[in-house]
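Read-outs: derived from the displayed coordinates by stated rules, not from any lab. Keep in mind that this is a model prediction, so the values were computed, not measured. As a convention, Cβ positions derive from the backbone with ideal geometry for all residues, glycine included, and neighbour counts pool all protein chains shown.
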Amino acid sequence: MCNHDTQFDSLRKYTRALHCPTRWLIIRFIGNGMKSTKEIYQYLTKEGERLTPSGLYYHLSELKGADMIDVAEFKEEGGGAPEKIWKLKTKRLVIDLLEER
């Protein structure tokens, strides 16, 4: 393992999360506001994305794991599990190719 691997961990994290066009749609749809899981699913479906609810949760999980989105709040509806309301956590990425340690 290269000693400089830790220098590239952030870059790997973001490229893994952003390699999929569906995730870009999610980020743009959330924008500066907050969107529920249901709103995101409906938007993606309207945009022609073909995914299941579990597929959506996979994409949301990947973005959350990269610290790009986060759960802002929970919305209680009926008697089931509360719905997650998402917000962007990271709005800007900066890559310093000549980072000095």
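Assuming Asp70 fulfils every condition listed in (1) without any contact (Cβ under 8 Å) to a residue 40 or more places away in the chain; (2) closer than 20 Å to Ile95 by Cα; (3) touching a helix residue (DSSP H, G or I) at 6+ places or on another chain (Cβ under 7 Å); (4) among the charged types (D, E, K, R) apart from one, which condition is it?
Of everything listed in (1) without any contact (Cβ under 8 Å) to a residue 40 or more places away in the chain; (2) closer than 20 Å to Ile95 by Cα; (3) touching a helix residue (DSSP H, G or I) at 6+ places or on another chain (Cβ under 7 Å); (4) among the charged types (D, E, K, R), Asp70 misses just condition (2).
Only one of these conditions is not met by Asp9: (1) outside any helix (DSSP H, G or I); (2) free of Cβ contacts under 8 Å to residues at least 12 places away in the same chain; (3) more than 17 Å from the chain's Cα centre (by Cα). Which number is it?
(1)
I'd like to verify a number: residues in the stretch 14-43 that are in a loop (DSSP other than H, G, I, E, B) and of a type in the set (Phe, Trp, Tyr), how many?
0
When you check Pro21 against the structure, is it exposed (fewer than 15 other Cβ atoms within 10 Å of the Cβ), free of Cβ contacts under 8 Å to residues at least 12 places away in the same chain and touching a Lys or Arg at 6+ places or on another chain (Cβ under 9 Å), yes or no?
Judged against the criteria, Pro21 is not a match.
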